[in-house]
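One structure is given below, encoded as structure tokens.
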């Protein structure tokens, strides 16, 4: 049935599961994409100055912000953003950011401590050139592996965000299936998440392997 794109019918919604997925999948993909890109951008915005600047104050502020975000669940962030009238897609980025911040900061710190990068800085090469030509290529395999994990994190955050902010995506569908005890729909969503996670991890591992070979 699955091979023929026939996933059965949802008992609680009385609609084909394939049709439900087709309608809701673009909403969740857009939410996850915005969350992953925004979370990584925010993590880099905090990690890069923390590594490059000598200021202990900035390092402690970035670490404190990271700890605050780690302590807040996605549901609390969604409620806070919804109450203040902020962008409802922002909470996913705020969930992804602290999960990658520490790892990104450590990778950048290790890369900047390499002898050839220290030599380049001593020769007066610009910070942007050092970052793009030396630091990021050295850290690329590990960053690609972390990117695969970010997909699972983003989907986990999308479930409460979609449910609380009334976004008609897969996460909201999973919430409705759980509250209605819709076992066929829950099993299908779980299977889809497992496949998506495995595919993303395999692609990131393959990309990291190719990068190391190059």
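A short reminder: the numbers here are calculations on the coordinates, not readings from a lab. Just so you know, these numbers come straight off a predicted model, no measurement behind them. Here the Cβ is made from the backbone with ideal geometry for all residues, glycine too, and neighbour counts use every protein chain on show.
Here are some notes:
- In degrees, nearest ten, helix 183-213 long axis to first principal axis of the chain (Cα): 20
- Residue separation of residue 133 and residue 68 scaled by 0.36 nm, minus their Cα-Cα distance, works out to 20.1 nm of gained length.
- Modelled label positions at residue 56 and residue 13, each set 7 Å beyond Cα in the direction of Cβ, lie 5.5 nm from each other.
- The angle between the Cα long axis of helix 17-52 and the main principal axis of the chain comes to about 20°, on a 0 to 90 degree scale.
- Per-residue Cβ neighbour rank within 10 angstrom, fewest leading, 155, 44, 25: 25, 44, 155
- With the helix formula -39500 (n - 2.57) applied to DSSP H stretches of n ≥ 4, the chain reaches a computed 222 nm mean residue ellipticity of -27000 deg cm²/dmol.
- For the chain, the longest principal axis of the Cα atoms and the long axis of helix 74-84 meet at an angle of about 90 degrees.
- Subtracting the Cα-Cα distance of residue 119 and residue 206 from 0.36 nm times their residue separation leaves 28.2 nm of extension gain.
- The packing ranking, built from the mean of other Cβ atoms within 10 Å per residue, places the peptides 120-126, 177-183 in the order 177-183, 120-126, highest first.
- Here is the size of region 104-214 from its Cα atoms: Rg then Dmax, 20.3, 65 Å.
- By average C-beta atoms within 10 angstrom, highest first, the peptides 64-70, 138-144: 138-144, 64-70
- Neighbour-count ranking [beta-carbon atoms within 10 angstrom, fewest first] of 22, 105: 22, 105
- Here semi-axes √(5λ) of the Cα gyration tensor in Å was calculated from the structure, and among (i) 33, 21, 16; (ii) 39, 21, 11; (iii) 29, 19, 15 it sits at label (ii).
- Listed by Cβ neighbour count within 10 Å, with the fewest neighbours leading, 175, 206 appear as 206, 175.
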